[in-house]
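Structure record follows, encoded as structure tokens.
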Amino acid sequence: MLVLTRKTNEAITIGEDIEITILSIHGDQVKIGINAPKKIDIHRKEVFIAIKEENHEAVKTVSLDSLKNFIRKS
């Protein structure tokens with residue numbers, strides 16, 4: 001893990017396409033802005049985990065027979 005110290009209005013870049021800017025700091029909360037291409041999904045970690053869990057559950061509910069039927073109809 002890379003650890004950086006930044007002040008308000010300072011930024012970091014990730015690759016050539018992503019820039020993260022510190023917008024404000026109030027107590028223990030930091031407001032950040034993220035500029036990234038639209039093709040990159042950006043989620044809070046708890047939302048990302050919930051999406052992964054939901055996708056995992058959805059895969060478990062699909063039967064092999066229903067998948068075969070879907071492929072035949074396509």
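The values are calculated or read from the model by the stated rules, or taken from the named source; none is laboratory data. The shown structure was predicted, so the numbers you read here are calculated from the model rather than taken from an experiment. Counting neighbours? That spans all protein chains shown, and the Cβs are built from the backbone with ideal geometry, glycine included.
A few comments on the model shown:
- Candidates in the stretch 59-74 are the residues that are surrounded by fewer than 10 Cβ atoms within 10 Å (Cβ to Cβ) and of a type in the set (Val, Ile, Thr); of these, the one that is modelled with the lowest pLDDT is Thr61.
- Taking every residue in the stretch 13-40 that is part of a loop (DSSP other than H, G, I, E, B) and pairing it with any residue that is β-branched (Val, Ile, Thr), at least 6 positions away or on another chain, the pairs with Cβ-Cβ distances below 7 Å are Ala36/Ile18; Ala36/Ile42.
- Complete set of residues in the stretch 10-57 that are more than 17 Å from the chain's Cα centre (by Cα) and loosely packed, with under 10 Cβ neighbours inside 10 Å: Glu16, His26, Gly27, Asp28, Gln29, Glu57
- Restricting the stretch 20-65 to residues that are among the hydroxyl-bearing types (Ser, Thr, Tyr) and outside the structural domain of Leu2 (by TED's automatic domain parsing) leaves a set whose member that is nearest to Thr5 (Cα to Cα) is Thr61.
- Hits in the stretch 49-74 (condition: part of a helix (DSSP H, G or I) and polar (S, T, N, Q)): Asn55, Thr61, Ser66, Asn69
- The stretch 45-62 residues that are free of Cβ contacts under 8 Å to residues at least 24 places away in the same chain, paired with ones that are part of a helix (DSSP H, G or I) and among the hydrophobic types (A, V, I, L, M, F, W, C) (beta carbon under 9 Å, 6 or more apart): Val62/Phe70
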